[in-house]
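For reference, the structure is listed below as structure tokens.
Values in this text are rule-based calculations from the coordinates and carry no lab data. Worth saying up front: this structure is predicted, and the values here are computed from it rather than measured. In this analysis, Cβ positions are derived from the backbone assuming ideal geometry, glycine residues included, and neighbour counts consider all displayed protein chains.
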């Protein structure tokens, strides 16, 4: 979420040992780490994730004596390492950074344990700090209605602007990310059957293809969209303006509605998800609609439930 803020990075699932060369329990830790990182590169893991894993695992390698074998890395060793990171290294380690490093250890040893046939996963028992973060903002049903009215005000103002209403209603029903809206092309939107309109979310990079999906649109949006096309006549991209301008247009809806709350892409994404949850849409369908992986969905689903139930 961020949308974009929903997760720091996604830990890699374990790789069964039969899918690659044998890794002995006595293999040096640094060699095992290098092999794992190479596997992640082959799977087109994002650069950000690779950098985080590399930094965190190299810290462990440098902390231990050179050549330390995998089967000598116990839970006690990892706990001592984490204590050193937090209290003895002499470099600030926030709870958020600490939590990310625990995640890196768990991700690596989930792979290394079956790959090297270790007797037990040493990272399984280490504790992850619980970093309590506030729930994200979203719009209530009453605020949504006010914003829809605010969009109509902008549409019929002295200097009419239809873009805020088109954008607001699109996000209300799709929960698309900022980058997805910015890259949305006319050819990706199909309103040939007004009773069953839909759009495709596309990504240019191969590593992002798992996030591509087909989203249904409400029939009432079609007339609004056609009016928008007639007025602005975009040639290729549906919204041919800068992201900053789109953000401002979206914020105009909230300002015109007087909701006293910032209306943003992130707020709309959570609002869409919670409305679907309250409408008893299957959780798996919501996950696919948001383009989230199963790992990202774990925390997101919990936050959606809390938002829907009004739990702090």
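One chain, two ends: residue 58 and residue 236. Fully extended at 0.36 nm per residue, the span grows by 59.5 nm beyond their Cα-Cα distance. Normalising the Debye intensity of the chain to I(0), with uniform scatterers on Cα atoms only, and taking log10 at q = 0.06, 0.07, 0.12 Å⁻¹ returns -0.28, -0.38, -0.88.
Just how far, in whole angstrom, is region 235-286 from region 25-49 if you go by their alpha carbon centroids? When both Cα centres are located, 38 Å separates them. Once C-alpha pairs closer than 8 Å and six or more residues apart are averaged by separation and normalised to the residue number of the chain, the relative contact order reads 20 percent. Approximating the spin labels as points 7 Å out from Cα along Cα→Cβ, the residue 229-to-residue 68 distance works out to 6.1 nm.
Modelled label positions at residue 208 and residue 158, each set 7 Å beyond Cα in the direction of Cβ, lie 4.1 nm from each other.
Report relative contact order for region 43-133 in percent, whole number only (criteria: Cα-Cα under 8 Å, sequence separation at least 6).
33 percent
One decimal place: the segment residue 148-residue 244 gains 32.4 nm when fully extended, by the rule 0.36 nm per residue minus the C-alpha distance. Using C-alpha pairs under 8 Å with a sequence gap of at least 6, the mean separation divided by the residue count of region 141-309 gives a relative contact order of 29 percent.
Would you please give the FRET efficiency between residue 255 and residue 141, computed as 1/(1 + (r/R0)^6) with r the Cβ-Cβ distance and R0 = 25 Å, to the nearest 0.05?
On the way: r = 20 Å, r/R0 = 0.79.
The pair residue 255/residue 141 has a calculated efficiency of 0.80.
Report the full-extension gain for the segment residue 34 to residue 91: residue separation times 0.36 nm, less the Cα-Cα distance, to one decimal in nm. Walk me through the numbers on the way to the answer.
Values: separation 57, 0.36 × 57 = 20.52 nm, distance 2.50 nm.
Result for the pair: 18.0 nm of gain on full extension.
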